[in-house]
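Encoded as structure tokens, the structure appears first; notes follow it.
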Amino acid sequence: MNQRVNPLRKADQVRRMRISVLGTGYVGLVTGLCFSELGHEVLCIEKIPERVDMLRKGSCPIHEPGVKKLLTKHLKKGTFEVTDTTDDLPETEITFICVGTPSRKDGSMDLSSLRGAANDVGKALRRKRGYHVVTVKSTVVPGTTETVVLPSLERSSKKKVGRELGLAVNPEFLKEGSAVEDFMRPDRIVIGAVDEKSKAVVRSVYEQFDCPIVEVTLPTAEMIKMASNAFLAAKISFMNEIGNICKTMGIDVREVARGMGYDRRIGSQFLRAGAGFGGSCFPKDVSGLATEARARGLRPLMLESTLEVNRLQPLRMIELLENHMKIRGKKIAVLGLAFKPDTDDTREARSRIVIAELLKKGARVRCHDPQAMENFRREFPKLDYRSTPEECVRGSDAVLIVTEWPDYAAPGLYGSKLVIDGRGVVRTENYEGICW
Ligand code: UDX
């Protein structure tokens, strides 16, 4: 699987480092376990006691291929530990901060967890004798590590960055659903650091990989991550716009994407037009960067359009439906609640916008998702949840496919019912594609 892992270096030939990871959310857990898999000893620090208990028992709080297997393996080997205190943090050589930076109402990033983490790490490091590197993995607006993390660390640790403390930024590029694979086969590793010494420690964590290592300053590393996500998001919105134009001309945008993708300057990935992007990163990172640009007196036209196309795109499904029927009082089946397949994550999922609009227009909505119904139900307890796609489709007046789960690919499921397909999952008798 790990084509890019240098075959000359087996885990037992690599210098085993003691690493602490703050936060066992999506990024923290995958990162921690993958470090163990690379041959390091990992201590994960998590504040929520139930989560600590769960992980210690080997039970996996996220739905992500490969994570459960790594958790079982490294708990057993003793190369992965979870704790709820920072007591043993000074025993490690390097700490990775992997806490969430969610969006605030104004689009900027909420840094309260990051501030808290920097403060906790600093306090724990007061007791440390010897050098320690703190590395920010959380996605942040450029400048944050220098202006927020650095002073907080120095204040709480009573130590100086550049002397007893090292400081670095090392962004992640993990996609949900293939996070372990993405970690183990990186296209590049980005290391931003205050000095050569910090850089060298971070580099040695990744000794096994032979991919390009991009060594830059702290804010440059932060910007590489944000610009990468913004670019990918823009690529999707761009294709959605082209797709909307294609639809009016009787052209299938998927064929256009195929023809474009062979051009190596364009690349074939992230050209899938559809109902738009969701998830915990793209929407948050693009608005975080746009908000920062505005605060600096700029007008981030590309970023704003990326978000605007993405807000309107799911509503196109409703417009297409309205061309066929008056929505009020109709039973509409919504298939797919997760922001993409192979996850139970519903954050910023386009299903939210589709469902809210259907309800506003007086539809009787029933929905299904193979993994994400439990998460969705927590926020929308009153929706009509159906346990199978068949049950959801049966008796409905029309079907809207919002997530491309393979479960929805059987044309037989729909008979002659109207299907509005937001992802290109299926082709049925009575069919309307969002951009084709
Ligand atoms: C993304 C980035 O890919 C990853 O590098 C970063 O670290 C975190 O954010 P993720 O949010 O897990 O990862 O999912 P991704 O597979 O990138 O998809 C994001 C959204 O874009 C999904 O809603 C997906 O349906 C949509 N998408 C993706 C498209 O609409 N078209 C595409 O061509 C690709």
Checklist outcome for this item: Considering residues that are crowded, with 24+ Cβ neighbours inside 10 Å and over 17 Å from R377 (Cβ atoms), the number found within region 334-353 is 1
Checklist entry - Does K225 satisfy being part of a helix (DSSP H, G or I), modelled with pLDDT of 95 or more and more than 28 Å from V309 (Cα to Cα)? => result no
Item to check | Yes/no for L289 being away from the ligand (no atom under 11 Å from the Cβ), at pLDDT 95 or above and either part of a loop (DSSP other than H, G, I, E, B) or more than 21 Å from W436 (Cβ to Cβ) (or both) | outcome: yes
Next on the checklist: If I ask for residues that are farther than 21 Å from K330 by Cα and among the acidic types (D, E), which ones from region 378-408 would you list?
Outcome noted: E379, E404, D407
Checklist entry - If you go through region 258-267 one residue at a time, do you hit one that is in a loop (DSSP other than H, G, I, E, B), aliphatic (A, V, I, L, M) and under 30 Å from K105 (Cβ atoms)? => result no
Checklist entry - Got a number for residues in region 147-166 being farther than 14 Å from A117 by Cα and in contact (Cβ under 8 Å) with a residue 12 or more places away in the chain? => result 7
Checklist entry - Regarding S268, is this residue closer than 25 Å to E172 by Cβ, within 16 Å of the ligand (Cβ to nearest atom), open to solvent by 30 Å² or more (accessible area, probe 1.4 Å) and among the hydroxyl-bearing types (S, T, Y)? => result yes
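Mind listing whichever residues of region 66-88 are in contact with a Lys or Arg (Cβ under 8 Å, 6 or more places away or on another chain) and crowded, with 19+ Cβ neighbours inside 10 Å?
Correct list: V82, T86.
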Checklist outcome for this item: Among helices (runs of 4 or more DSSP H) entirely within region 119-207, at least 3 residues that are within 16 Å of the ligand (Cβ to nearest atom) and at negative phi occur in 179-184
Checklist outcome for this item: Note on region 210-259: residues without any contact (Cβ under 8 Å) to a residue 12 or more places away in the chain, more than 28 Å from A290 (Cα to Cα) and within 26 Å of the chain's Cα centre (by Cα) are R258
Next on the checklist: open to solvent by 10 Å² or more (accessible area, probe 1.4 Å), in contact with a strand residue (DSSP E or B) (Cβ under 8 Å, 6 or more places away or on another chain) and at pLDDT 95 or above: is that true of K159 in this structure?
Outcome noted: yes
Checklist entry - Just checking, how many residues over region 229-263 are within 11 Å of the ligand (Cβ to nearest atom) and open to solvent by 30 Å² or more (accessible area, probe 1.4 Å)? => result 5
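Pull up region 325-346, narrow it to residues that are assigned to a strand (DSSP E or B) and away from the ligand (no atom under 15 Å from the Cβ), then point me to the one that is nearest to the chain's Cα centre (by Cα).
V334
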Item to check | Residues located in region 301-320, provided they are away from the ligand (no atom under 16 Å from the Cβ) and in contact with a Leu (Cβ under 7 Å, 6 or more places away or on another chain) | outcome: I318
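The values are calculated or read from the model by the stated rules, or taken from the named source; none is laboratory data. All figures in this text were calculated on a predicted structure; none of them were measured in a lab. Every residue, glycine as well, gets a Cβ built from its backbone with ideal geometry; the counts of neighbours run over all protein chains shown. With ligands, DNA and RNA removed, areas are computed over all heavy atoms of the protein, side chains included. Shrake-Rupley method; radii C 1.70, N 1.55, O 1.52, S 1.80 Å.
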